[in-house]
Amino acid sequence: MKFFIDTADIAEIKDLASTGMVDGVTTNPSLAAASGKSFLDLIAEICDVVDGPVSAEVTGTDFDTMMKEAAVLRKIAPNVTIKVPLIPDGLKCCKALSDDGVMVNVTLCFSATQALLAAKAGATFISPFVGRLDDIGTDGMSLIDDICDIYANYDFDTEVLVASIRHPMHILEAARMGAHVATMPPKTLRQLYKHPLTDKGLQSFMDDWAKSGQTILGG
Ligand code: E4P
C-alpha cells in the first residue's frame with residue numbers, strides 16, 4: 001500500500017519524506033490557500049522534495065479553464081498529477097489529459113458509480129472521501145469496499161486513493177480491502193508508529209540495559 005501525505009506544509013513534507021514512508025503528496029485548494037504561498041511555487045517546492053505523484057488541483061469548473069490550468073501545472077515537474085473534481089467537465093478533462101499521458105487524480109468522489117465513471121475516463125487515481133462520509137453518518141469505508149470490488153471486476157488500472165482519512169483505523173480497513181493508496185494528514189502517519197506497549201517495552205529494556213553499565217559503542 002502506498003502512503004501519500006495530505007498537506008501543503010513543506011516542513012512536514014520534508015520531515016516525513018526523510019522517514020522513507022512517503023510515496024506521494026496530495027494538496028487541495030483549501031490546504032494550498034492556508035499555506036499562504038504562491039500555488040505554483042508551492043507545488044514546485046513539494047516536487048523538489050518528493051519524487052512520487054504530487055496532486056495539484058485545478059480551480060476552474062469548466063473544461064476550457066481546467067485544461068488551461070492543467071497545462072500550466074503539468075509544466076512544473078513530471079511528477080505533477082492533475083487533480084480534477086468529479087463533475088462532468090472534470091471527467092472530460094480527465095479523459096483528455098490521460099489520453100495525453102498525464103497522471104490524473106479525480107477528487108470529491110462520494111459514490112461507487114462516480115468512481116466507475118472516473119475509471120472509464122482513464123483516471124490514474126480515484127479519491128473517495130471516507131471521513132466526510134462518516135461525518136454525515138454514513139459508512140465511508142463501505143464505499144472503498146464497493147469501489148475495490150467493482151474495479152477488480154473489470155480490471156481497471158485506476159488506483160483507489162483513500163482520502164479524507166481521519167484516523168489509523170481507516171488505513172487498517174483500507175489495507176484489508178486492498179486499496180492501493182491512502183492519503184493522510186501528517187499527524188495520522190505519525191500515529192501509525194505508536195503503541196503504548198512499544199513505549200513501555202522500550203523503557204524497560206533501556207532501564208535494564210542501563211543497570212548493566214555497558215555501552216555498545218564504548219567496546
Ligand atoms: C484528498 O485529496 C483531500 O485533499 C483530503 O483528503 C480531504 O480531506 P478532509 O476531508 O479532511 O478535508
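The values are calculated or read from the model by the stated rules, or taken from the named source; none is laboratory data. Everything numeric here is computed off the predicted structure, so don't read it as measured data. Here the Cβ is made from the backbone with ideal geometry for all residues, glycine too, and neighbour counts use every protein chain on show. The protein model used for the area step is the full one, side chains on, heavy atoms only, and it has no ligands, DNA or RNA in it. Shrake-Rupley method; radii C 1.70, N 1.55, O 1.52, S 1.80 Å.
According to a simple spin-label model (label point 7 Å from Cα along Cα-to-Cβ), what is the distance in nm between THR113 and ALA175?
3.4 nm
If amide H atoms are built 1.01 Å from N in the plane of the peptide, which residues on other chains or at least 5 residues away come under 5 Å of the amide H of THR26?
ILE5, ASP6, THR7, SER55
Which percent of the accessible heavy-atom area of segment 2-212 goes to carbon and sulfur, probe 1.4 angstrom?
Answer for segment 2-212 is 56 percent, counting heavy atoms of protein chains only.
Using the heavy atoms of the protein chains and a 1.4 angstrom probe, tell me the accessible area per residue for segment 2-212 in square angstrom. Walk me through the numbers before you get to the answer.
Values: 10440 Å² over 211 residues.
Normalised by residue count, the accessible surface of segment 2-212 is 49 Å².
Hey, what do the phi angles of segment 144-156 turn into as Karplus ³J(HN,Hα) couplings, whole Hz, using 6.51/-1.76/1.60 and θ = phi - 60°, x for Gly and Pro?
5, 4, 4, 5, 4, 4, 5, 5, 5, 4, 10, 6, 5
Between LYS95 and THR215, what is 0.36 nm times their sequence separation minus the Cα-Cα distance? Round to one decimal in nm.
Contour length minus the Cα-Cα distance gives 37.1 nm.
So which of LYS2/LYS83; LYS75/LYS95; LYS14/LYS95; LYS14/LYS37; LYS37/LYS75 end up more than 24 Å apart by C-alpha?
Working: LYS2/LYS83 18 Å; LYS75/LYS95 19 Å; LYS14/LYS95 33 Å; LYS14/LYS37 16 Å; LYS37/LYS75 18 Å.
Pairs exceeding 24 Å: LYS14/LYS95.
Set the Förster distance to 30 Å, then compute FRET efficiency between ASP135 and ASP48 from the Cβ-Cβ distance, nearest 0.05.
0.30
Calculate for the chain the 222 nm mean residue ellipticity that helices alone would give, adding -39,500 (n - 2.57) per DSSP H run of length 4 or more and normalising by residue count, nearest 500 deg cm²/dmol.
-15500 deg cm²/dmol
Can you quote the Å³ per residue value for the convex hull of the Cα atoms in segment 1-137, rounded to an integer? Display every interim value, and only then the final one.
Numbers: hull volume 16.0 nm³, N = 137.
Dividing the Cα hull volume of segment 1-137 by its residue count gives 117 Å³.
Calculate the spin-label point distance for LYS75 paired with TYR193, positioning each point 7 Å from the Cα along the beta-carbon direction, and give it in nanometres.
Taking the two extended label points, one gets 4.0 nm.
Would you kindly derive the ³J(HN,Hα) couplings of segment 159-173 from the backbone phi angles with the Karplus curve 6.51 cos²θ - 1.76 cosθ + 1.60 (θ = phi - 60°), listing them in order in whole Hz, with x for Gly and Pro?
In residue order, the calculated couplings are 8, 7, 10, 6, 10, 6, 6, 10, 7, x, 5, 4, 6, 4, 5 Hz.
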